[in-house]
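Below you'll find the structure, written out as structure tokens, and then a few comments.
The values are calculated or read from the model by the stated rules, or taken from the named source; none is laboratory data. Keep in mind the model is a prediction, meaning the values are calculated, not measured. As a convention, Cβ positions derive from the backbone with ideal geometry for all residues, glycine included, and neighbour counts pool all protein chains shown.
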């Protein structure tokens, strides 16, 4: 039995006409001899509209009830796609999360998949060619519906593919993964292949590639992900463990911008690691992502700097006050108007001089980085928001992206 998992995003199923188009695509795969497990998102902006509706009823909606509400979006898509497939003569059946038994943690609105019972899927493939499953959701130990957070349908699809040990195809309104944002650089190249590590870095750095959790699952279980458009018949991008041997490994694969960054500076901290630890423990409790950390000792004190998204400033304030309760003399300041510019590439591991070329490209357009962070396959710097696109174009030219 040849099985493939296909996931269709909200834009792909946004209208009845688009749902019919998806049905034709799925039927084509069935005609090729495959059993197809289709994972669907909610139609268009349905999830956003449901959240807005909930907040009109309650300013801070109960998270269990919010999950019950949000889960209806994918059920609509799944049922409609199953209807469209049946009209094409395809043996199809729709399922929700508790019918498929996608078991998750109990963290409402941000649950994680713990296990999937694939027996229901395998049994139903004996009688049906297509099973349409609601993405983005699962059930916890109490039998309550949970949702997986933004990008959760990607995670659902890859987790199901991992359980079944089959390939995963993800279709959206984007026809693959590019070296950089085509809206900024129209001549950006579409990548035929990209590694899990590169895709993870680009996603974390602001590129709208895939949800990071879906890539992590794919990497852990060695599941290839094919990303393509549901609107045009063009070759997409394959996300794999390593590039094919025949493909020359580029030094830099892609570049990305993360807008809306704040530089946080904390001065006159006592020179004791306990206080730095306490800060990041409180930040972690609030699930805030910090980056570009700099720690500089000076005259018995410590100066700590890092970046965070502008939207999280108030939560960070609370975290700092809690972490440094009882500590005297420390000061914090926030400086906005920054963006993070990054380059990514597995080729950096074996190519010296990449950092020099990167900073030379910034110097050519008069950009001086405020903070810098690196990993084995990434270089990121904090630059003024007003100069970031000009800096990106200079970097693109330097590395021929």
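Restricting to region 69-108, what's the tally of residues that are in contact (Cβ under 8 Å) with a residue 60 or more places away in the chain, out of contact with any helix residue (DSSP H, G or I) (no Cβ under 7 Å at 6 or more places or on another chain) and crowded, with 17+ Cβ neighbours inside 10 Å?
Matching residues across region 69-108 total 3.
Considering only region 38-50, I want to know if a residue exists there that is more than 19 Å from the chain's Cα centre (by Cα) and surrounded by fewer than 19 Cβ atoms within 10 Å (Cβ to Cβ).
Taking every residue of region 38-50 in turn, at least one turns out to be more than 19 Å from the chain's Cα centre (by Cα) and surrounded by fewer than 19 Cβ atoms within 10 Å (Cβ to Cβ).
Being in contact (Cβ under 8 Å) with a residue 12 or more places away in the chain, within 30 Å of residue 89 (Cβ to Cβ) and assigned to a helix (DSSP H, G or I): is that true of residue 36 here? Step through it out loud before you land on a result.
Working: in contact (Cβ under 8 Å) with a residue 12 or more places away in the chain: yes; within 30 Å of residue 89 (Cβ to Cβ): yes; assigned to a helix (DSSP H, G or I): no.
No, not satisfied.
Looking at (1) modelled with pLDDT under 90; (2) buried (at least 19 other Cβ atoms within 10 Å of the Cβ); (3) touching a helix residue (DSSP H, G or I) at 6+ places or on another chain (Cβ under 9 Å), which is the only condition residue 202 fails?
(3)
Go through region 219-252 residue by residue and tally those that are surrounded by fewer than 19 Cβ atoms within 10 Å (Cβ to Cβ), touching a helix residue (DSSP H, G or I) at 6+ places or on another chain (Cβ under 6 Å) and under 15 Å from residue 172 (Cβ atoms).
Qualifying residue count for the region: 0.
For residue 338, state whether it is within 19 Å of residue 188 (Cα to Cα) and either in contact with a helix residue (DSSP H, G or I) (Cβ under 7 Å, 6 or more places away or on another chain) or touching a residue at least 40 places away in the same chain (Cβ under 8 Å) (or both). It would help to see each step written out before you state the result.
Values: within 19 Å of residue 188 (Cα to Cα): no; either in contact with a helix residue (DSSP H, G or I) (Cβ under 7 Å, 6 or more places away or on another chain) or touching a residue at least 40 places away in the same chain (Cβ under 8 Å) (or both): yes.
Against the criterion (within 19 Å of residue 188 (Cα to Cα) and either in contact with a helix residue (DSSP H, G or I) (Cβ under 7 Å, 6 or more places away or on another chain) or touching a residue at least 40 places away in the same chain (Cβ under 8 Å) (or both)), residue 338 does not qualify.
Residue 327 versus (1) surrounded by fewer than 17 Cβ atoms within 10 Å (Cβ to Cβ); (2) touching a strand residue (DSSP E or B) at 6+ places or on another chain (Cβ under 8 Å); (3) free of Cβ contacts under 8 Å to residues at least 40 places away in the same chain: which is the lone unmet condition?
(3)
Here's the yes/no breakdown for (1) touching a strand residue (DSSP E or B) at 6+ places or on another chain (Cβ under 9 Å); (2) at positive phi; (3) in contact (Cβ under 8 Å) with a residue 40 or more places away in the chain; (4) not in a loop (DSSP other than H, G, I, E, B):
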{"residue": "187", "(1), (2), (3), (4)": "no, no, no, no"}
{"residue": "197", "(1), (2), (3), (4)": "yes, no, yes, yes"}
{"residue": "202", "(1), (2), (3), (4)": "yes, no, yes, yes"}
{"residue": "242", "(1), (2), (3), (4)": "yes, no, yes, no"}
{"residue": "246", "(1), (2), (3), (4)": "no, no, no, no"}
{"residue": "256", "(1), (2), (3), (4)": "yes, no, yes, yes"}
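Looking at (1) assigned to a helix (DSSP H, G or I); (2) modelled with pLDDT of 90 or more, can you tell me which one residue 314 breaks?
(2)
So for region 211-218 (the condition being crowded, with 18+ Cβ neighbours inside 10 Å, touching a helix residue (DSSP H, G or I) at 6+ places or on another chain (Cβ under 6 Å) and closer than 30 Å to residue 295 by Cβ), does at least one residue qualify?
Yes, the conditions are met somewhere in region 211-218.
In region 333-368, what residues are surrounded by fewer than 17 Cβ atoms within 10 Å (Cβ to Cβ) and outside any helix (DSSP H, G or I)?
Matches in region 333-368: 333, 334, 335, 336, 337, 351, 352, 353, 365, 366, 368.
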